[in-house]
Amino acid sequence: MKEKKYDIYFENSVKVKSLNDDYFKCYQEIEKTLFKKQKNVLKTNILISEILDYMLICQEKGQTVKQMIGQSSQSFVDQINRKINYKEKINQLKQKDLNKYEMSGILLTMCIYIVLLFVKELIGNHYLINYYIDLLVAVIMLCISIKQLLNQRKLIKRYQVSIQPFVLEISSIVISLLISIVFYNSPFDITFVILVIAFFTSKKMYSKSLSN
């Protein structure tokens, strides 16, 4: 399978992996044509999603590519394109992505806070269990946090909206890290509050961007 050349959404790339060789070759030609003609990546991916769904159904039924597309691949694509209510599909996709952004933000908040706790332990030389176990947990949480930040960045890029929600999350992490380092010995910990406020604010900003 060739490396992706176009901005295919993750959901569609998963579907592509289920195509057999003949269907995949047909898909590649359709993909190439669509991205040459279409400038709206979001609508193109919605169309590709519908095409892939139909391809997988035909493949499961045992139909050949020729039986599926009929006289030409262009007429096949046009037929599917005419059936799509793009406004409805975009709204559905936005709602799903808002839910993903929210879940990603919750995970990010919890995981980063655990990392910050380890930073305080490291500076104060006082560990919850021991250095190695706490370090292992912190590294895992850091990897999950980075993954969630990348997910949020992709969701923002998908709709080409403001990156302010992403910048806010990064800023809250940096501020919380500085507070954890400077006030590592303080009995009061406000870093979690900062992260939670940033999460809710970021989510609200992203939701507002999607509604515009």
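What follows draws every value from the coordinates through simple rules; no lab data is involved. This one's a predicted model, so the numbers in the text were calculated from it and none came from an experiment. All Cβ positions, glycine included, derive from the backbone under ideal geometry; neighbour counts span all protein chains shown.
Shape class of region 131-172 from the Cα gyration tensor (axes a ≥ b ≥ c, square roots of the eigenvalues): oblate, since a/c reaches 1.5 or more and a/b does not exceed b/c.
Rounded to the nearest 0.05, what FRET efficiency do LYS154 and THR64 give with R0 = 35 Å and r taken as the Cβ-Cβ distance? Could you check? Can you show the working numbers first?
Details: r = 36 Å, r/R0 = 1.02.
Once rounded, the FRET efficiency stands at 0.45.
For the charge dipole of region 87-211, defined by +1 on Lys and Arg C-beta atoms and -1 on Asp and Glu C-beta atoms about the Cα centroid, which residue among ALA198, ASN151, LEU177 has the Cα displaced farthest towards the positive pole? Toward the positive end, the furthest listed residue is ASN151.
Counting neighbouring beta carbons within 10 Å and listing from fewest to most, the residues ARG158, ARG153 come out as ARG153, ARG158. What the Cβ-Cβ distance of LYS43 and ILE170 gives, at R0 = 22 Å and to the nearest 0.05, is a FRET efficiency of 0.15. Considering only alpha-carbon pairs that sit under 8 angstrom and 6 or more positions apart, the relative contact order computed for the chain is 19 percent.
Need one word for region 44-93: rounded, prolate or oblate. Basis is the Cα gyration tensor (sqrt eigenvalues a ≥ b ≥ c); a/c below 1.5 gives rounded, then a/b vs b/c decides. Verdict is oblate for region 44-93.
Between ASP7 and LYS100, what is 0.36 nm times their sequence separation minus the Cα-Cα distance? Round to one decimal in nm. Don't jump to the answer; show the numbers that get you there.
Values: separation 93, 0.36 × 93 = 33.48 nm, distance 1.92 nm.
That works out to 31.6 nm of additional length.
Approximating the spin labels as points 7 Å out from Cα along Cα→Cβ, the GLN74-to-TYR54 distance works out to 1.6 nm.
When the square roots of the Cα gyration tensor eigenvalues are ordered a ≥ b ≥ c, the ratio a/c for region 143-212 is 1.5 or more and a/b exceeds b/c, which makes its shape prolate.
Here is the list for region 183-212: chymotrypsin sites (Phe, Trp or Tyr not before Pro) lying in DSSP coil, each with at most 14 other C-beta atoms within 10 angstrom of its C-beta, are PHE183, PHE188. Axis angle, to the nearest 10 degrees, between helix 191-211 and the longest C-alpha principal axis of the chain: 20 degrees. Listed values (i) 17.2, 53; (ii) 22.8, 74; (iii) 20.8, 66 include one computed from this model; for Rg and Dmax of the Cα atoms in Å that value carries the label (ii). Projected label points at LYS87 and PHE24, each 7 Å from Cα along the beta carbon direction, are separated by 4.0 nanometres. Any idea which of ILE69, ILE163, ILE114 is furthest toward the positive side of the dipole for region 22-164, if Lys and Arg beta-carbons carry +1 and Asp and Glu beta-carbons -1? The residue sitting most towards the positive pole is ILE69. For region 1-97, the relative contact order is 31 percent, taking Cα pairs closer than 8 Å that sit 6 or more residues apart in sequence and dividing their mean separation by the residue count. Rounded to the nearest 10 degrees, what's the angle between the helix 21-37 long axis and the longest principal axis of the chain, both from Cα atoms, 0 to 90? Compared with the principal axis, the helix lies near 80 degrees. When you filter the trypsin sites (Lys or Arg not before Pro) in region 1-54 for DSSP loop state and at most 16 other Cβ atoms inside 10 Å of their Cβ, you are left with LYS2, LYS4, LYS5, LYS17, LYS39. Relative to the Cα centre, the charge distribution of the chain, modelled as +1 at Lys and Arg Cβ and -1 at Asp and Glu Cβ, gives a dipole magnitude of about 940 debye.
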